[in-house]
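**Student:** My questions all concern the structure below.
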Amino acid sequence: MALLTANGEGVTDGMLSLVSAGRSVAELYLGSFVEESRIQVGQPVELSWQDGTTDQMFCTRAGPDQGRWRILLLGGKGGLSSSVRPKFYAGIAASSVVSDLISEVGESPGTISVPGAVQQYVRQAGPGYEALETFLTLFPDLSWRIGRDGLTNIGPLAWPDDTRSIEIVSQSPGESILTLRNLPGLDAGVTLPGFGKVDRVVHMVGTTLRTEVYIK
């Protein structure tokens with residue numbers, strides 16, 4: 001069984017970058033011959049790891065690269081890359097503004113925790129993720145993130161402890177970057193006791209299997 005599959009197709013090498021805020025990104029090469037791959041731009045893609053971990057993503061680029069099929073994926077359904085029209089809001093719960101945006105672009109909401117209300121707000125036209133980030137400048141303690149389950153979450157970062165056993169291969173002098181033996185289940189947005197808050201995790205697949213952890 002392959003360490004990682006994308007919609008059932010084996011992945012030969014590539015990387016998945018998980019972040020504490022924003023969207024995950026994956027750039028992968030498949031073992032399928034170019035004419036055999038079923039993954040095309042616009043399709044949902046489920047990454048399945050051998051340990052049972054999954055990532056719900058969306059294909060934004062696909063094509064041949066030196067005889068192999070190369071794909072670029074974003075977390076979620078890709079809706080936040082689509083454009084939204086200007087929209088005026090008045091006397092509405094702040095959470096309703098972001099829920100409306102998520103629904104409009106076709107993403108699926110997870111936990112939405114935005115307090116208070118807005119008396120007047122004009123959403124500018126542009127990519128959905130820019131509209132979301134602009135609105136959240138009104139709430140500097142909040143951030144948005146599409147989780148590995150594909151759901152869009154908005155609220156304060158909790159940084160829960162992840163107490164699983166890790167095997168460190170190397171560590172940067174400043175201790176801000178850890179290289180671990182491959183650990184697909186490790187996510188960003190958690191705290192590794194003794195090290196700190198995990199801002200980004202990069203899972204590498206290929207001749208060298210490893211997980212790189214970037215401490216905030």
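**Student:** Dipole of the stretch 1-150, Cα-centred, from +1 at each Lys and Arg C-beta and -1 at each Asp and Glu C-beta, to the nearest 20 debye? Could the numbers behind the result be given before it?
**Tutor:** Values: 11 positive and 16 negative charges, 83 e Å.
Computed charge dipole of the stretch 1-150: roughly 400 debye.
**Student:** So between THR137 and ASP100, what do we pick up on full extension, going 0.36 nm a residue minus the alpha carbon distance?
**Tutor:** Working: separation 37, 0.36 × 37 = 13.32 nm, distance 1.73 nm.
Once the chain is fully extended between THR137 and ASP100, it gains 11.6 nm.
**Student:** Would you please give the FRET efficiency between GLN50 and LYS197, computed as 1/(1 + (r/R0)^6) with r the Cβ-Cβ distance and R0 = 25 Å, to the nearest 0.05?
**Tutor:** Numbers: r = 27 Å, r/R0 = 1.10.
FRET efficiency, GLN50 to LYS197: 0.35.
**Student:** Next up: What is the gain in length, in nm to one decimal, between SER83 and PHE33 on full extension, counting 0.36 nm per residue of separation less the C-alpha to C-alpha distance?
**Tutor:** Values: separation 50, 0.36 × 50 = 18.00 nm, distance 3.39 nm.
Using 0.36 nm per residue and subtracting the Cα-Cα distance, I get 14.6 nm.
**Student:** Next up: Can you give me the % of accessible surface on the stretch 19-64 that is carbon or sulfur? Probe 1.4 Å, all protein chains present, nothing else counted. Intermediate values should be presented prior to the final figure.
**Tutor:** Numbers: 1100 of 2240 Å².
The computed percentage sits at 49.
**Student:** Just name one of ALA6, GLY155, ILE177: the one whose Cα is farthest towards the positive end of the charge dipole of the chain (beta-carbon charges, Lys/Arg +1, Asp/Glu -1).
**Tutor:** Positive-end residue among those listed: GLY155.
**Student:** Moving on. Stretch GLN171-THR207 to full length: gain in nm at 0.36 nm per residue minus the Cα-Cα span?
**Tutor:** Working: separation 36, 0.36 × 36 = 12.96 nm, distance 2.04 nm.
Taking GLN171 through THR207 to full extension adds about 10.9 nm, to one decimal.
**Student:** So if I take the centroid of the Cα atoms in the stretch 146-199 and the same for the stretch 1-70, what is the distance between those two points in Å?
**Tutor:** Distance between centres, Cα-based: 21 Å.
**Student:** With θ set to phi - 60° and the Karplus curve 6.51 cos²θ - 1.76 cosθ + 1.60, what are the ³J(HN,Hα) couplings of the stretch 28-43 in order, to the nearest whole Hz, using x for Gly and Pro?
**Tutor:** Result, ordered by residue: 9, 10, 9, x, 5, 5, 3, 6, 9, 5, 9, 8, 10, 4, x, 8 Hz.
**Student:** Leaving out ligands and nucleic acids, and using a 1.4 Å probe, what accessible area per residue does the chain come to in Å²?
**Tutor:** Value for the chain: 49 Å² per residue.
The values are calculated or read from the model by the stated rules, or taken from the named source; none is laboratory data. Please read all numbers here as calculations on a predicted model, not as lab measurements. As a convention, Cβ positions derive from the backbone with ideal geometry for all residues, glycine included, and neighbour counts pool all protein chains shown. We work out accessible area using only protein heavy atoms, side chains counted, and drop any ligands, DNA or RNA first. Shrake-Rupley method; radii C 1.70, N 1.55, O 1.52, S 1.80 Å.
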